[in-house]
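Read through the structure below, which is laid out as structure tokens, and then see the notes.
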Amino acid sequence: MDSQIATNIISIAIALITLGAVIVAIKAISENRKQAKVNWAHSQQQATEERKHQIRPIMAPEKEIFNKSMMVSDPDPSKRVNRELYISGQRIDWSWPSPISIDLRNMGNGPALNLHGILYGNEDTNQSQFVSWDNIPVEARSPITVELKHPSDLSLFHGDMVNDKHVLYDKSPDSPTNPWVSRIARLTLTYHDLFGTKYVSVFHYTIEHRWIHVVTEEITGNPARDLKELNTQKIQGPKYSAPPIPTLN
């Protein structure tokens, strides 16, 4: 009798051990499957990021803004004067009435689509700035000359930001670490890649007519907005949801 009880106890113990081993094995298989899914998702994300990097556009200005001149007409020939884009101190004349041109180059490996640009200066009115909307696609490693002109539809001011952190013009006080001569104007460019990812590139324009790179990065946010979308959003104003309709209990 005692031996039968002992045998039964041993059998139960073996069954419990076997059951425990099966449970551990099932849990291990489940964890392995979860980890495999995580690894697969991570590898897919890496592959997507790698493809995006391989075809990422990078827009940048190539040359200084070309100086233009024009004869200001007057019935009296003695009062006719030659007017130039650059005024005293090599500053930009923000009241210049004609379009200006800036030579850009796509330094990236993919085409730049939906290219928009704003050259913003220290004038208080947004109609004094120079804007270029909806430029043609720019192939990889290729140049483009964009024409910027005074806008009639620009609602963005100097303090408005792209990507919630990059102002259109830096009006901070003159200082040794951030001198005004190094930022007489600020060029902001936004553009898309083939995946629809949006990017922003920002450059300061100096008194020596040189470009200083500030930032180039992906535009994030939900939704991510380029320059034209930000301007359209500001024209339309904020949208408010209607209050919920009260219900009778």
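The values are calculated or read from the model by the stated rules, or taken from the named source; none is laboratory data. None of these values were measured; they are calculated from a predicted model. All Cβ positions, even for glycine, are placed from backbone atoms using ideal geometry, and neighbour counts span all protein chains on display.
Quick look at the values:
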{"quantity": "Residue among Ser155, Ser101 that is touching an Asp or Glu at 6+ places or on another chain (Cβ under 7 Å), under 27 Å from Asp193 (Cβ atoms) and not charged (D, E, K, R)", "calculated": "Ser101"}
{"quantity": "Meets criteria (modelled with pLDDT of 75 or more and closer than 30 Å to Asn114 by Cα) for Arg56", "calculated": "yes"}
{"quantity": "Checklist (1) part of a strand (DSSP E or B); (2) over 15 Å from Ile102 (Cβ atoms) applied to Val202, failing item", "calculated": "(2)"}
{"quantity": "Per-region count, the range 164-183, residues surrounded by fewer than 20 Cβ atoms within 10 Å (Cβ to Cβ), in a loop (DSSP other than H, G, I, E, B) and either among the acidic types (Asp, Glu) or modelled with pLDDT of 95 or more (or both)", "calculated": "4"}
{"quantity": "The range 135-162, subset in contact (Cβ under 8 Å) with a residue 60 or more places away in the chain and in a loop (DSSP other than H, G, I, E, B), residue surrounded by the fewest Cβ atoms within 10 Å (Cβ to Cβ)", "calculated": "Asp153"}
{"quantity": "Looking only at the range 191-200, and only at residues there that are out of contact with any Gly (no Cβ under 8 Å at 6 or more places or on another chain) and on the phi < 0 side of the Ramachandran plot, the one that is surrounded by the fewest Cβ atoms within 10 Å (Cβ to Cβ)", "calculated": "Phe195"}
{"quantity": "The range 201-241, residues that are surrounded by 11 or more Cβ atoms within 10 Å (Cβ to Cβ) and free of Cβ contacts under 8 Å to residues at least 24 places away in the same chain", "calculated": "Glu218, Glu229, Thr232, Gln233"}
{"quantity": "Failed item, numbered, when Thr188 is tested on (1) in contact with a Leu (Cβ under 8 Å, 6 or more places away or on another chain); (2) within 14 Å of Tyr205 (Cα to Cα); (3) not in a strand (DSSP E or B)", "calculated": "(3)"}
{"quantity": "Restricting the range 104-134 to residues that are charged (D, E, K, R) and surrounded by fewer than 16 Cβ atoms within 10 Å (Cβ to Cβ), the residue that is farthest from Ser172 (Cα to Cα)", "calculated": "Asp134"}
{"quantity": "Residue in the range 21-40 that is part of a helix (DSSP H, G or I), at pLDDT below 75 and loosely packed, with under 10 Cβ neighbours inside 10 Å present", "calculated": "no"}
{"quantity": "Subset of the range 164-219 [aliphatic (A, V, I, L, M) and closer than 17 Å to Ala60 by Cβ]", "calculated": "Ala185, Leu187, Leu189, Val200, Val202, Ile212, Val214, Val215, Ile219"}
{"quantity": "From the options Asn114, Asn106, residue that is in contact with a His (Cβ under 8 Å, 6 or more places away or on another chain), closer than 14 Å to Ser201 by Cα and at pLDDT 95 or above", "calculated": "Asn114"}
{"quantity": "Tabulated pairs, the range 169-187, first more than 12 Å from Arg210 (Cβ to Cβ) and touching a residue at least 12 places away in the same chain (Cβ under 8 Å), second exposed (fewer than 12 other Cβ atoms within 10 Å of the Cβ) and among the aliphatic types (A, V, I, L, M), C-beta under 6 angstrom, 6+ apart or interchain", "calculated": "none"}
{"quantity": "Which numbered condition Leu119 fails, given (1) part of a loop (DSSP other than H, G, I, E, B); (2) under 23 Å from His192 (Cβ atoms); (3) among the hydrophobic types (A, V, I, L, M, F, W, C)", "calculated": "(1)"}
